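The values are calculated or read from the model by the stated rules, or taken from the named source; none is laboratory data. Predicted, not measured: the structure shown is a model, and the values here were computed from it. Every residue, glycine among them, receives a Cβ derived from its backbone with ideal geometry; neighbour counts consider all protein chains shown. SASA here: full protein model, heavy atoms, side chains in, ligands and nucleic acids out. Shrake-Rupley method; radii C 1.70, N 1.55, O 1.52, S 1.80 Å.
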Number of protein chains: 2
Amino acid sequence: MDTLLAQPKQTFVNLPPEKRESIVRAAVSEFAEHGYQRASLNNIVKRLGISKGSLYQYFDNKEALFLHVFDHFTLQVKWYVKASVTGSGRDDFFGVARQVLLAGIAFIDSHPEYFQVYLKVLFERDVPRREELVARVRLFSLEYFGPLADRAMGQGLLRNDIPAHKVVFILDAMLDRFLQGYAQPYLDGGLALAGMSAGRLDDEIDSMVAVLRTGLQPSGTGE
Amino acid sequence: MDTLLAQPKQTFVNLPPEKRESIVRAAVSEFAEHGYQRASLNNIVKRLGISKGSLYQYFDNKEALFLHVFDHFTLQVKWYVKASVTGSGRDDFFGVARQVLLAGIAFIDSHPEYFQVYLKVLFERDVPRREELVARVRLFSLEYFGPLADRAMGQGLLRNDIPAHKVVFILDAMLDRFLQGYAQPYLDGGLALAGMSAGRLDDEIDSMVAVLRTGLQPSGTGE
DNA sequence: TCATAATGTGACCGCCTGGTCATATTATGG
DNA sequence: CCATAATATGACCAGGCGGTCACATTATGA
């Protein structure tokens, strides 16, 4: 699960870090804009001002470059989510959901193109090892919220007429859709999430979580 | 809003209906599999057993063919949704939501490739007139639920601490995500929606709507 | 200094793309 | 029957793709 998808060649590892980073950045940018299949290695080397031969000294082929980019993406996401939750109270199921949502927003703000790569993978058919890539991100979400939901259910903090896995589905759907809307303006259902001020965004998140609370907590529980 | 995006050439209109339909079907299939940019006209004519020159006698170019396909898609969707709601009680906001969800499922079942085309458009960047295309579908949803939500709010059937447009966002997000999960197995958050029996699917839909009800109705209202 | 290894280069390859057009085939109606 | 219009065809074009490779350049260390 935590193994890397692809290793670059030794030549790439030997590169000075700043050059490595600029190459990854250019690749992310190209994959974000065009998805996997339409992304052009010619474009990438042109942006970087290096020759195509060099790129092939760093990575075996287009697929290896792409998988390397995706490895970076998943590592970053997991780091963001884990960092956001430690410290805050882990007992409040919906509080954790709120934290994860905020972490997602923060990630998109600081790595907008990485998130675009992910969205492209979701809806492009012939991406190499696509199922595996998507599973890495989504299973992370399910594995993360699943146990939390089970525990909350055990403690009577969730409605018992809805199975825990369905609670996770609803939560996951809401969070994912919110982040998609934030990243892609025309997906936000008229909420104008994209480019919203941090304060107003917090309000949106709070009311979103409030609805989840009301809908998913046992009916007697106070707010 | 209801004007067509693109007209085929007269030669196409003159074709016998079954040939027209087979051409549209082949185009839908190709666009569904590869999205707009990677879809290949060569593939389409190969499948159909016609020459490329013929295709260009029917449509000005790739874009016109694609827009014609999308026109068909939007017309079908609107027809499905409208047909599903007439007859049932229009007063129950969440009942309507449930009907629309069922209509979406029915549409995907009978036109799976059309829905794939739509999903591809959502996440592909350089689709011609993409914003306009997406707006046609999403605005339909907003324009459809917006007034319903306003009315329900006026009748005190919705929580008054959440603005109506936010209610619409939540509803839209949930419906859309549910349909995406139904159409793309790896998006369903572990619910295994795809290929689910009709009965179990209805259960999933009912509990989804139940959560929405509980979360969005005024706190005193019964279920 | 110099042999060797590591790295950089871009012309080139076969393949596929959307699109064109001169030509062949078929339908039409006087 | 035949002239004309409508339609069908596929070889062809320029351009872009991922990938290769013989060669040029640079770094290394004895």
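Could you order B:Asp172, B:Asp206 so the one with the most accessible surface comes first? Probe is 1.4 Å.
B:Asp206, B:Asp172
May I ask for the angle, rounded to the nearest 10°, between helix B:198-216 and the longest principal axis of chain B, with both axes built from Cα atoms and the value confined to 0 to 90°?
Computed tilt is about 50 degrees.
Beyond 25 Å, what share of the Cα-Cα pairs of chain B is found? Please give it as a whole percent.
47
When only Cα pairs under 8 Å and 6 or more residues apart are kept, what is the percent relative contact order across chain B?
Reported as a whole number, the value is 19 percent.
Add -39500 (n - 2.57) for each DSSP H run of 4 or more in chain B, then divide by its residues: what number comes out at 222 nm, to the nearest 500 deg cm²/dmol?
Mean residue ellipticity at 222 nm (helix-derived): -24000 deg cm²/dmol.
Compute, for chain A, the length of the dipole vector about the Cα centre, with Cβ point charges of +1 (Lys, Arg) and -1 (Asp, Glu) only. Units Debye, rounded to 20.
Taking the Cα centre of chain A as origin, the dipole is about 660 debye.
If you filter segment B:1-83 for trypsin sites (Lys or Arg not before Pro), then keep DSSP loop positions with at most 13 other Cβ within 10 Å, what is left?
Listed in order of number, the matching sites are B:Lys9.
Which loop-located GluC sites (Glu not before Pro) does segment A:96-185 contain, where loop means any DSSP state but H, G, I, E or B and the Cβ has at most 10 other Cβ atoms within 10 Å?
Hits after loop and neighbour filter: nothing returned.
Leaving ligands, DNA and RNA out of it, report the carbon-plus-sulfur percent of the accessible area of the protein assembly as shown at a 1.4 Å probe.
About 52 percent, which is the carbon plus sulfur part of the accessible surface.
Over the protein assembly as shown, with the other protein chains present, what is the accessible area per residue in square angstrom, probe 1.4 angstrom?
43
Leaving ligands, DNA and RNA out of it, rank A:Ser141, B:Ser51 by accessible area with a 1.4 Å probe, largest first.
Heavy-atom accessible area, descending, gives B:Ser51, A:Ser141.
Compute for chains B and A the buried accessible surface, both sides summed, probe 1.4 Å, and express it in Å² to the nearest 100.
Result for this pair: about 4200 Å² buried.
Can you give the Rg to Rh ratio of segment A:57-185, both from alpha-carbon atoms, with Rh computed by the Kirkwood formula?
On the Cα set of segment A:57-185, Rg over Rh gives 1.02.
For the rotation taking chain B to chain A, which residue of B has the Cβ nearest the axis, and how many Å away is it?
Residue nearest the B-to-A axis, with distance in whole Å: B:Gly215, 1.
Starting at the first residue of segment B:110-127, write each ³J(HN,Hα) from the Karplus equation 6.51 cos²θ - 1.76 cosθ + 1.60 with θ = phi - 60°, in whole Hz, x for Gly and Pro.
8, 9, x, 6, 4, 5, 4, 4, 4, 4, 4, 4, 4, 10, 9, 7, 9, 8
Using a 1.4 Å probe on protein heavy atoms, which residues of segment B:146-171 have at least 10 Å² less accessible area in the complex than alone?
Buried by the other chains: B:Arg159, B:Ile162, B:His165, B:Lys166, B:Phe169, B:Ile170.
Between copies, how close do the B:Leu4 label points come, placed 7 Å along Cα→Cβ, listed in nm from shortest?
Reported distances to equivalent positions: 5.4 nm.
Taking N as the number of residues in the protein assembly as shown, what value does Rg over Cα atoms divided by 2.2 N^0.38 Å take?
Against the empirical 2.2 N^0.38 Å value, I get 1.05 for the protein assembly as shown.
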